[in-house]
1. Could you tell me whether E84 is without any contact (Cβ under 8 Å) to a residue 24 or more places away in the chain and out of contact with any Ser or Thr (no Cβ under 8 Å at 6 or more places or on another chain)?
2. If Y159 passes every condition in (1) loosely packed, with under 15 Cβ neighbours inside 10 Å; (2) in contact with a helix residue (DSSP H, G or I) (Cβ under 8 Å, 6 or more places away or on another chain); (3) in contact (Cβ under 8 Å) with a residue 40 or more places away in the chain but one, which one does it miss?
3. When you go through A161, A180, A169, A165 one by one, which is the residue that is over 21 Å from G85 (Cβ atoms) and touching a His at 6+ places or on another chain (Cβ under 6 Å)?
4. Consider E153 carefully, then state whether it is farther than 26 Å from A195 by Cα and in a helix (DSSP H, G or I).
5. Testing V186 on (1) touching a residue at least 12 places away in the same chain (Cβ under 8 Å); (2) more than 16 Å from the chain's Cα centre (by Cα), one condition comes back false. Which one is that?
6. Consider G82 against the criteria (1) closer than 19 Å to E153 by Cβ; (2) buried (at least 18 other Cβ atoms within 10 Å of the Cβ): it satisfies all of them except one. Which criterion is unmet?
7. Just one of (1) assigned to a helix (DSSP H, G or I); (2) out of contact with any Asp or Glu (no Cβ under 7 Å at 6 or more places or on another chain); (3) modelled with pLDDT of 90 or more; (4) not small (G, A, S) trips up D101, so point out which.
8. Might you let me know whether the range 135-153 holds any residue that is at pLDDT 95 or above, surrounded by fewer than 22 Cβ atoms within 10 Å (Cβ to Cβ), among the aromatic types (F, W, Y) and more than 24 Å from A188 (Cβ to Cβ)?
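The values are calculated or read from the model by the stated rules, or taken from the named source; none is laboratory data. Not measured: the values here are computed from a predicted model. When we count neighbours, we look across all protein chains shown, and the Cβ atoms used for this are built from the backbone with ideal geometry, even at glycine.
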Amino acid sequence: MLIARLRVLMCAAFAAAVVQAHSPVVVVPPGPPEIIVEAAPQPEPPAASVAAVPGLPEVLRPSNEELRRYAAIIRGASRAHGVEGDLVQAVIWAESSYNPDALSPAGAAGLMQLMPQTAERYGVRNVFDPEENIRTGVKILGELLVQFDGDVELTLAAYNAGPNAVIRAGNRIPPQAETAAYVPRVLACYHRLQARRA
């Protein structure tokens, strides 16, 4: 319980730091965090797992099994659309924590969190079908990489906020707090995945 509570506090601190770094608004924490100490220690995660990413609670870290589960679909879609497989894995990790049934309050659904309008535009019949969801999400990432001349940061910002938001921001990451936090979070996942292979 202590470790879980500390992870939540660390994630909140990271999110506040990202928002503060990308926003003219100063974020002031409400006060000292409450820490509850319990006698029973929590087991450490296995060493073979991917390391933690700031901004994502460790419990959401994908297992090696999760990384392999969709690997064939990701490999095929990545080759077809010119997107690096680790980047796709990082987006899935940040978007849905590998939950094919994930549904956001805004209506984004599935592993790559496709919005209903986007799914309809791309002819997705079942947004919760992992193969359809991944193939469509990777196709979108590939199109955005072309549109933004291979700039991964702008591609991720456009995946999160939409390409028009990036264009309106002068081909920069839009000043929206969610997007300003999203891009470094996905990049951190991406770098962790790459380090795991080294």
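1. No; evaluated as a whole, the condition is false for this residue.
2. The single condition Y159 does not satisfy is (1).
3. On the way: A161 fails: touching a His at 6+ places or on another chain (Cβ under 6 Å); A169 fails: touching a His at 6+ places or on another chain (Cβ under 6 Å); A165 fails: touching a His at 6+ places or on another chain (Cβ under 6 Å).
Within the list A161, A180, A169, A165, the selection yields A180.
4. On the way: farther than 26 Å from A195 by Cα: no; in a helix (DSSP H, G or I): yes.
Spelling it out, it is not the case that E153 is farther than 26 Å from A195 by Cα and in a helix (DSSP H, G or I).
5. Every condition holds for V186 apart from (2).
6. With (1) closer than 19 Å to E153 by Cβ; (2) buried (at least 18 other Cβ atoms within 10 Å of the Cβ) applied to G82, the lone miss is (2).
7. Exception for D101: condition (1).
8. No, every residue in the range 135-153 fails to be at pLDDT 95 or above, surrounded by fewer than 22 Cβ atoms within 10 Å (Cβ to Cβ), among the aromatic types (F, W, Y) and more than 24 Å from A188 (Cβ to Cβ).
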